[in-house]
1. Pairs under 9 Å by beta carbon, first residue within 11 Å of chain B (Cβ to nearest Cβ) and free of Cβ contacts under 8 Å to residues at least 24 places away in the same chain in region A:358-371, partner of a type in the set (S, T, N, Q) and surrounded by fewer than 19 Cβ atoms within 10 Å (Cβ to Cβ), six or more apart or different chains?
2. Are there any pairs, at least 6 apart or on different chains, whose C-beta atoms fall under 6 Å, with the first in region B:163-182 and surrounded by 10 or more Cβ atoms within 10 Å (Cβ to Cβ) and the second assigned to a helix (DSSP H, G or I) and not charged (D, E, K, R), and if so, which?
3. Pick from A:Ala75, A:Ala61, A:Ala81: which is surrounded by fewer than 19 Cβ atoms within 10 Å (Cβ to Cβ), aliphatic (A, V, I, L, M) and on the phi < 0 side of the Ramachandran plot?
4. Given the residues B:Val111, B:Val31, B:Val78, which is the only one that is part of a helix (DSSP H, G or I) and out of contact with any Cys (no Cβ under 6 Å at 6 or more places or on another chain)?
5. Buried (at least 20 other Cβ atoms within 10 Å of the Cβ) and within 10 Å of chain B (Cβ to nearest Cβ), is that true of A:Leu248?
6. When only residues in region A:397-412 that are in a loop (DSSP other than H, G, I, E, B) and farther than 18 Å from B:Leu56 by Cβ count, which is farthest from the other protein chains (Cβ to nearest Cβ)?
7. Being more than 30 Å from A:Val272 (Cβ to Cβ), touching a Leu at 6+ places or on another chain (Cβ under 8 Å) and at pLDDT below 85 narrows it down to one residue among B:Ala81, B:Ala71, B:Ala65, B:Ala86; which is it?
8. Go through region A:216-268 and count every residue that is outside any helix (DSSP H, G or I) and among the polar types (S, T, N, Q).
Amino acid sequence: MDIIPIDLPLDLPAPLWFLKFALVAFFLLHILFINFMIGGTVWTVFLRMLSKEDPFWGRVARDIGNTVTVNKSLAVVLGVAPLLAISLVYTQFFYSSNNITAPLWLSIIWLVPIAFIALYIYKYTWDSPTYSMRFKYFWGLLAVAIFAFVPFIFLANINLMLYPDQWKNVYNFWQAIWVPNVIPRYLHFMNASFAISGFFAYGYFHFKGKNKPEDKAYYARAKRLGMKWALYATTLQMIFGVLNYVTLPMVADSTMVLVLIVCSVIFAGIVVYLLSLNLYADKNVHHLWIFTAILIVVSLMATMRHVVRENALKEPNKILANKTAIYQAKFASFMKTYSPSGEIKVSGVTIFQEVCTACHAIDKKLVGPPMQYAIDKYRDDREAMITFVNNPKKINKDYPVMPKPPISTAEVAMVVDYLLNLEVGKHEQ
Amino acid sequence: MNNKKMPLILGGLSITWIVVVIALVYGSHLVIHRFGPLPEQPIKFSHTVHVNKLNLECLYCHETAEKSIHATIPKSDVCFACHEDADVDNPEVEKLLAMLKKKGEIDWQRVYKVKDHVYFTHRVHTVVAKLDCQECHGPVENMSVAIRASGGSSDRGFLEMGWCVTCHKKRGAPRECITCHK
């Protein structure tokens with residue numbers, strides 16, 4: 001953890017609580033649309049493969065595909081705010097993990113546009129007889145592959161920033177993915193993408209179907225499909241969610257994390273129940289209840305994620321603050337000695353007061369002997385005093401061994417000269 | 001199946017799901033914290049004050065780090081040598097002096113430890129391998145409370161073998177079993 005950079009002595013542009021709130025809130029919105037985008041891309045490609053058996057699948061695949069290109073734009077736009085906020089609030093940690101995973105981190109710049117172009121090619125060649133199915137599926141699968149890989153890059157980076165004790169062991173992305181608990185987080189996230197995109201499909205087909213009563217059967221079936229995705233993937237989170245938690249590093253966990261997870265599970269259970277009623281008990285639970293419950297789940301999860309981050313960075317933040325305070329004190333001390341002409345303005349009395357008075361007084365015992373004792377002893381042997389201060393040894397059983405002072409030999413000489421020239425009773429202290 | 005019973009069945013299944021998941025989550029919490037909380041020290045000793053401000057070197061207090069298998073936590077006379085007179089108005093120093101008067105020694109809690117079947121020697125790592133203390137113990141000079149900065153992230157209290165082996169591998173140090181398991 002000694003490679004945590006020092007903090008920057010700049011005021012934040014907004015109160016810290018506001019930036020953290022913005023980070024959590026905007027990240028939640030961003031990740032919901034990322035879930036829509038990833039899940040939707042998978043469905044639009046793989047459901048299309050079933051369209052030979054039943055044209056319903058092809059139609060659903062196409063309708064979902066039309067939403068993905070919109071969702072992806074919203075996902076990107078909503079990602080700007082949390083990216084800026086995290087850079088402001090956790091600068092030293094985020095910057096450091098960015099550096100360690102730099103090549104892959106920066107590859108997002110070209111990977112994501114390629115995925116978007118692939119999606120557009122897949123979407124706009126849908127009905128074209130010019131292109132083979134193989135061509136169309138190639139672009140669709142390329143988008144799926146990139147969308148499956150890019151979250152890995154984000155997760156490896158975001159996870160690494162929480163554990164500065166790992167930075168010395170990790171040199172690149174491929175090592176970062178093995179830092180706990182990137183892989184369980186990734187699996188949990190991907191399953192969540194299927195669940196959340198299921199909720200999206202449920203809502204989308206529900207509202208689209210309201211305006212198309214002539215196509216009621218299709219929209220009812222598509223809506224049920226969305227509910228099933230949502231139900232099965234949410235139920236499966238009992239595996240991926242628990243795996244994610246049990247592999248969480250100890251420093252990131254706390255009672256608050258446990259409480260938030262338990263509350264999320266309760267509301268997720270309510271979602272599972274309500275969806276089951278709609279699907280298997282012929283009930284017609286209003287979508288508002290279901291969406292409210294899942295919104296509570298994701299909000300609790302987003303909060304829990306932030307608490308995990310704060311827990312993990314609690315001690316590193318203290319180290320950061322200490323390092324920064326020490327650096328600023330040394331810098332202030334340096335500035336006292338600096339002048340444009342390069343002249344050192346420090347005097348022996350200044351050094352003595354800043355460095356030696358923690359343990360020495362002129363005329364009384366503190367930790368070390370009174371300086372008057374040393375003055376009397378070395379009055380005629382300046383060099384011996386300088387030698388001793390540069391290399392202290394235990395010579396007096398009544399006092400502890402003196403630590404070597406953090407000053408140069410030249411500065412030691414200035415202090416010795418100051419002390420040996422002190423007039424008795426007229427010292428500055 | 002009787003449609004009237006279906007909501008009850010689904011309700012029962014959902015509650016079961018909730019209970020099972022919460023049980024798994026709580027079990028995970030226990031697994032994460034299986035070695036108990038971090039040890040609380042009897043006195044709030046700040047390395048950052050003693051090292052950064054007073055420029056004490058590690059060996060000033062941990063005298064045997066270059067001589068023996070143990071680095072040792074300093075005995076009370078090391079603290080008393082300075083604090084008999086220094087900073088006596090500090091509440092933590094008052095506590096220190098009161099403890100020394102009553103018990104003679106301070107009941108410091110180890111932050112780093114190895115299991116009984118592991119042979120670890122400080123002397124080899126500091127003198128032979130010439131490792132800085134911070135290499136394993138992190139930036140102790142910047143810690144106001146001593147924490148375990150490395151050694152594996154999931155095993156509270158004990159250094160993990162995987163962490164040791166990784167460093168041995170990186171530095172070409174011996175990795176035979178008998179090196180550490182005598």
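The values are calculated or read from the model by the stated rules, or taken from the named source; none is laboratory data. Keep in mind that this is a model prediction, so the values were computed, not measured. For neighbour counting, all protein chains shown are included, and Cβ atoms are generated from backbone atoms with ideal geometry for every residue, glycine included.
1. If the second residue must be of a type in the set (S, T, N, Q) and surrounded by fewer than 19 Cβ atoms within 10 Å (Cβ to Cβ), the pairs left are A:Lys364/A:Gln372; A:Leu366/A:Thr357.
2. Note: pairs meeting the criteria are B:Arg175/B:His168.
3. Values: A:Ala75 fails: surrounded by fewer than 19 Cβ atoms within 10 Å (Cβ to Cβ); A:Ala61 fails: surrounded by fewer than 19 Cβ atoms within 10 Å (Cβ to Cβ).
Checking each option against the conditions leaves just A:Ala81.
4. On the way: B:Val111 fails: part of a helix (DSSP H, G or I); B:Val78 fails: out of contact with any Cys (no Cβ under 6 Å at 6 or more places or on another chain).
Just a single option satisfies the conditions, and that option is B:Val31.
5. Numbers: buried (at least 20 other Cβ atoms within 10 Å of the Cβ): yes; within 10 Å of chain B (Cβ to nearest Cβ): yes.
It is true that A:Leu248 is buried (at least 20 other Cβ atoms within 10 Å of the Cβ) and within 10 Å of chain B (Cβ to nearest Cβ).
6. Just the residues of region A:397-412 that are in a loop (DSSP other than H, G, I, E, B), to begin with: A:397-408.
Now drop any that are not farther than 18 Å from B:Leu56 by Cβ, which leaves A:397-398, A:408.
On the way: A:Lys397: 11, A:Asp398: 10, A:Ser408: 13 Å.
Taking the candidates together, the pick is A:Ser408.
7. That would be B:Ala86, the only listed residue that is more than 30 Å from A:Val272 (Cβ to Cβ), touching a Leu at 6+ places or on another chain (Cβ under 8 Å) and at pLDDT below 85.
8. Initially, region A:216-268 is screened for residues outside any helix (DSSP H, G or I), giving A:247-249, A:253-254.
Imposing the further condition that a residue be among the polar types (S, T, N, Q) reduces the set to A:247, A:254.
Matching residues across region A:216-268 total 2.
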